[in-house]
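**Student:** Here it is, the structure in full.
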Amino acid sequence: MKKIITACLAALLVLTLFGCGAGASYEDRTIYGMDTYITLRLSDDSVSDAYVDEVADGCAAIIAKNEKLMSSHDEDAVIYGFNHGADVVENPDSSLVSVLRTAKNLAELTDGAFSPTLGALTELWNVTGGGPVQKDEDVKKALEHVDLSSLTVADEKLSKTDREVKIDLGGIAKGYTAQEILEYLVKTDVKYGAVSMGGNVGVFGEKPDGTPFKIGVTDPRNREDVVGYLSVDNGFVAVSGDYERYFEENGKRYHHIIDPATGAPADSGLASAAVWANSGSAADALSTALFVMGEEKALELYRSGRIRFEAILITTDGKVTVTDGIGEDFELTSDDYVMKNQEAEN
Ligand code: AMP
Ligand code: MG
């Protein structure tokens with residue numbers, strides 16, 4: 001993550017993009033899709049506003065296409081149908097096959113911390129709908145239908161052996177879509193810019209003044225603020241945290257990231273996990289997985305080299321750990337947090 005480009009992005013919860021370096025000039029466009037606001041920040045160097053509009057329309061079409069494929073609550077979506085009765089999908093769209101294959105792969109690499117078949121659990125907990133807290137026996141029943149091995153993904157067909165297994169791509173679909181958008185953007189005449197959608201940022205191109213893109217990492221205990229800024233020159237950054245969606249009961253927070261080992265909201269000591277990776281789907285799925293795993297296991301996965309990523313891990317007691325490849329590229333700006341001494345850890 002060394003080299004350089006420019007633009008100042010703030011990955012606040014809804015990834016607000018703000019400010020920019022000298023010499024850079026942008027047009028911003030906002031699109032609503034996949035339950036979130038998506039911001040495009042596109043260089044207008046040598047392209048007209050009308051051209052930027054056309055490119056934004058191209059991005060909106062990608063978002064709409066993937067929403068109709070990957071949503072588990074839009075009744076017209078392919079995954080919704082697969083979860084509710086249609087146990088087979090013949091000739092699935094190539095994007096759907098691709099995101100499911102990547103999801104399966106990341107589930108294996110994270111020993112199931114990322115679990116795209118936990119739809120029965122997310123439906124049960126209904127965090128977005130405000131709960132309530134679930135009984136252990138109901139959680140246990142739902143857990144019986146969280147089973148990656150039930151799912152077969154092939155170019156010509158999706159199928160499952162357990163009819164009650166439900167797919168939930170909420171932890172990967174936005175990152176995957178951000179990646180498709182970037183693949184499209186680099187083929188246009190727009191020279192550099194960024195897309196941000198629901199906790200995922202992707203950057204592309206090279207800015208005239210050569211400075212990096214700066215991405216603000218949301219303060220998990222004050223969403224209006226940032227813990228600090230991460231400078232990147234390429235790739236994707238995704239953030240998962242216990243502050244994004246949750247309900248409270250008897251003073252306890254029940255958030256939307258489920259630990260597939262227990263079937264309950266993950267309680268790993270992390271308040272948020274930000275991940276850089278060179279693919280959008282990997283960044284998105286890994287941020288969810290590392291949040292579930294907690295600091296120690298997340299750093300173990302990092303050191304194993306099984307998959308290339310970098311991470312910023314923020315604990316519920318205000319300590320920030322960054323992986324070696326990030327080093328000085330993360331600048332802590334909040335007085336409420338301290339950097340953990342990595343030497344002492346190792
Ligand atoms: P993110 O905000 O990217 O961490 O994704 C969270 C969303 O992913 C949740 O709202 C669920 O739809 C889904 N999800 C929750 N827990 C997991 C998990 N352990 N593995 C995969 N997806 C999950
Ligand atoms: Mg995710």
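**Student:** Which residue is surrounded by the most Cβ atoms within 10 Å (Cβ to Cβ), if the candidates are limited to region 207-231 and must be modelled with pLDDT of 90 or more and acidic (Asp, Glu)?
**Tutor:** Taking the candidates together, the pick is ASP219.
**Student:** Still on this structure, I have one more. Looking at the structure I just gave you, is PHE309 within 16 Å of ligand 2 (Cβ to nearest atom), within 23 Å of SER98 (Cα to Cα) and among the aromatic types (Phe, Trp, Tyr)?
**Tutor:** yes
**Student:** For region 122-175, enumerate the residues that are within 16 Å of ligand 1 (Cβ to nearest atom), touching an Asp or Glu at 6+ places or on another chain (Cβ under 7 Å) and among the hydroxyl-bearing types (Ser, Thr, Tyr).
**Tutor:** THR122, SER150
**Student:** Also, I was wondering about something else. Please go through region 234-281 and pick out each residue that is surrounded by 20 or more Cβ atoms within 10 Å (Cβ to Cβ), at pLDDT below 95 and not in a strand (DSSP E or B).
**Tutor:** ASP242, HIS256
**Student:** Out of curiosity, is ASP233 in contact with a Lys or Arg (Cβ under 8 Å, 6 or more places away or on another chain) and over 19 Å from LYS297 (Cβ atoms)?
**Tutor:** In short, yes.
**Student:** State whether one or more residues within region 262-270 are farther than 23 Å from ALA173 by Cα and aliphatic (A, V, I, L, M).
**Tutor:** There is no residue in region 262-270 that is farther than 23 Å from ALA173 by Cα and aliphatic (A, V, I, L, M).
**Student:** Among the listed residues ASP147, ASP111, ASP138, ASP162, which satisfies the condition of being surrounded by fewer than 17 Cβ atoms within 10 Å (Cβ to Cβ) and under 18 Å from GLY85 (Cα atoms)?
**Tutor:** ASP162
**Student:** I would also like to ask the following. Residue check: is GLY23 at pLDDT below 95, surrounded by fewer than 20 Cβ atoms within 10 Å (Cβ to Cβ) and either assigned to a strand (DSSP E or B) or in contact with a Pro (Cβ under 6 Å, 6 or more places away or on another chain) (or both)?
**Tutor:** Against the criterion (at pLDDT below 95, surrounded by fewer than 20 Cβ atoms within 10 Å (Cβ to Cβ) and either assigned to a strand (DSSP E or B) or in contact with a Pro (Cβ under 6 Å, 6 or more places away or on another chain) (or both)), GLY23 qualifies.
Condition check ((1) on the phi > 0 side of the Ramachandran plot; (2) of a type in the set (D, E, K, R); (3) touching a Leu at 6+ places or on another chain (Cβ under 8 Å); (4) modelled with pLDDT of 95 or more) across all residues:
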| site | (1), (2), (3), (4) |
| --- | --- |
| HIS73 | no, no, no, no |
| ASP76 | no, yes, no, yes |
| SER95 | no, no, yes, yes |
| LEU106 | no, no, yes, yes |
| ASN126 | yes, no, no, no |
| VAL139 | no, no, yes, yes |
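**Student:** Just to be sure I understand the filter: pairs with C-beta atoms under 8 Å, separated by 6 or more residues or on different chains, first member in region 244-264 and closer than 15 Å to VAL292 by Cα, second member among the acidic types (Asp, Glu) and at pLDDT below 90. Which pairs pass?
**Tutor:** Between residues of region 244-264 that are closer than 15 Å to VAL292 by Cα and residues that are among the acidic types (Asp, Glu) and at pLDDT below 90, the close pairs are HIS255/GLU244; HIS256/GLU244.
**Student:** Within the bounds of region 237-260, is there any residue that is touching an Asp or Glu at 6+ places or on another chain (Cβ under 7 Å), on the phi > 0 side of the Ramachandran plot and away from ligand 2 (no atom under 16 Å from the Cβ)?
**Tutor:** No.
**Student:** Turning to a different aspect of this structure: Quickly run through region 218-263 and pick out the residues that are among the basic types (Lys, Arg) and either within 12 Å of ligand 1 (Cβ to nearest atom) or within 26 Å of ASP324 (Cα to Cα) (or both).
**Tutor:** ARG221, ARG245
**Student:** Can you pull out every residue in region 270-294 that is more than 11 Å from ligand 2 (Cβ to nearest atom) and either under 25 Å from GLY130 (Cβ atoms) or free of Cβ contacts under 8 Å to residues at least 40 places away in the same chain (or both)?
**Tutor:** LEU270, ALA271, SER272, GLY294
**Student:** While we're looking at this one, here's another question. For GLU108, are the conditions met, namely being without any contact (Cβ under 8 Å) to a residue 60 or more places away in the chain and within 13 Å of ligand 1 (Cβ to nearest atom)?
**Tutor:** Yes, satisfied.
**Student:** Out of GLU164, GLU137, GLU156, which single residue is of a type in the set (Asp, Glu) and farther than 24 Å from ALA266 by Cβ?
**Tutor:** GLU156
**Student:** Another one. If you take the residues in region 282-314 that are among the charged types (D, E, K, R) and outside any strand (DSSP E or B), which one is nearest to ligand 1 (Cβ to nearest atom)?
**Tutor:** Looking at residues that are among the charged types (D, E, K, R) and outside any strand (DSSP E or B), I get ASP284.
The values are calculated or read from the model by the stated rules, or taken from the named source; none is laboratory data. Please read these numbers as outputs of a predicted model, since none were measured by experiment. So basically every Cβ, Gly included, is an ideal-geometry build from the backbone, and we count neighbours across all protein chains shown.
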